[in-house]
Each structure stands twice: as C-alpha cells, then as structure tokens.
Amino acid sequence: MMSIGEFSRVTHLSVRTLRRYHDAGLLEPALVDGASGYRYYGAEQIPTAQVIHRLRELDVPLADVRRILGSPDPGRRAALVAEHLQRLEAELDRTRAAVASLRRLLAPEPPPLEVELRAVPAATVAAVEDDVAHEDVLSWYAGAMAELDAAVGSAGVPGGLYDGALFEEGRGHVLVYRPTPEPPRRGRVHPVTLPAVELAVTTHAGEHDDIDVTYGQLGAWVSANALAVVGPVRERYLAGPRDTADPAAWRTEIGWPVFRVGGPA
C-alpha cells in the first residue's frame, strides 16, 4: 500500500487532486484509516489514475469521466471519449474562425472593398427552401445542395437567399438553388422564380470563417453609397469545396438588396 503522498509522486497527481477525485467518487483509496483518516492506494490503481489524468487534460467533465470509468464495455468507453473529442474539435474550429476574423478586423489598413451595383433579372431555378435555425444552416445547406446536385447535376453557379430574420432572430427562411433550364419537382427540389433585384455585390475570398467581416464591410458601403431595401441577402458560390480543395481559391459573391438612385459613389 502507498500513502497518498507516495501515490501522488508516482501518478503526478497532486494530493489535493487525489482528494478531490476521492470526494467525487472517481478514484477511491484502497484503504482509509479509520483512526487517522489517512488514505492509502494500491499499485493496481495507478493505471486508473493515469487514465483519469489524461481525460482531465482533455477537459473531459468529471461526470463524463465517471461514466467512462464506470462503463464495462470498451466500445462504449471509446464512444464516450470520441464524442468529447468531437466537441473539442468543434470548439477548436470556432476558436480558429474567431481568430481569423479578429486578425482581419485588426489589420491596420484593410484593402478597399470592390463593390459592383448590379441589376439581376428574374430567373426560374431549381430550389430547396425552409425555415432554418442559424446554428443549423451549414448542415441544412449541405443536405439541400446534395439534393439539388442529385436532381439537376452540377451545371450552373449555385446560390442562396438568406432572410434577415436568420441573423436578427436566429431563425429565418433560407433558399438554395441551382439554375437549370427545366427545374424538376423531386423530393424537396422544386421550381422557384427569383424576382428581379438590384444588388450591391462584392466577393468574399477564402473560407467562410470570416465572411461576417465582408458582410460588415459591404453593409457599411451600402449605408454610405446606396439605399438599402428589405429583402433577402443573396450569395453565389463561384468556387467552393466542390470545385477545389484549396480554401484560398474559394470565392463567394454577396449581394445586398438596394434601390439605386444614381451611379456608384
């Protein structure tokens, strides 16, 4: 038997941490002296202590550590660890996106935004549409575009219309489309006639991690140079993951609905 101090040295877990794990029911000593209250551990507990240490280094919550240790099924234990790793990867992606946006915002002199005022005629397209929560847009978009690709192929530049409520209230109407001469009706895919519109258009380069910065710059340009009108923002995906594996080559057009009263400023 090892004292708590000896066990601390061999496991690299502090005495305070070992006491906390005991109180949480994660790693109970093999023996607690009834008179002195001293904790004693067995050598066979070292692997368990090391597993707990590794899980905590990955920020696995104590409740999840308890479930992992308490599961007799190795497959279930692996699934629980995998779920947490997926959460960590998602958090890392969000952190990277925030860093990219912040670096762009802190650039001392961002390049001037190139904006084109464009009259877009009405067009009938093959579309999938629904009311979508903001946090679900990416997964919904992937499914909708897969249906469109299956129904009409990959010809033509795809696009999307995003209702203002999506950004203002966290849920709004989203429509994605592909232009095609004869839009079919198949599953969720159906013909939609997009109305004619005047847009202030700019192009976002690269991944969408910092596309909000481009949106902000375009919104500021519209505020200073045009009369914004109510209507969904339009995007066109000139180049994306379906076209190239190089994120630096991705290009997304953003079109802000405006009422043109003169030439560009």
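Any read-out appearing in this document is the output of simple, stated calculations on the displayed coordinates, not a laboratory observation. Quantities reported herein were computed from a predicted structural model and do not represent experimental measurements. Cβ atoms come from the backbone with ideal geometry, glycine included; neighbour counts cover every protein chain shown.
Being farther than 24 Å from ALA100 by Cβ and either within 24 Å of the chain's Cα centre (by Cα) or among the polar types (S, T, N, Q) (or both) is the requirement here; does ALA239 meet it? Criteria not met by ALA239.
One residue stands out in segment 68-91 among those that are surrounded by fewer than 14 Cβ atoms within 10 Å (Cβ to Cβ) and touching a residue at least 12 places away in the same chain (Cβ under 8 Å): the one that is farthest from ASP209 (Cα to Cα), namely LEU85. If only residues of segment 207-236 that are within 23 Å of the chain's Cα centre (by Cα) and of a type in the set (Ser, Thr, Tyr) are counted, the one that is farthest from LEU113 (Cα to Cα) is TYR215. Residues being assigned to a loop (DSSP other than H, G, I, E, B), closer than 25 Å to TRP221 by Cα, free of Cβ contacts under 8 Å to residues at least 60 places away in the same chain and not small (Gly, Ala, Ser) are represented in segment 166-177 by at least one member.
Only one of GLY216, GLY231 is in contact with a strand residue (DSSP E or B) (Cβ under 7 Å, 6 or more places away or on another chain) and not in a strand (DSSP E or B); which?
Only one candidate passes the filter, namely GLY231.
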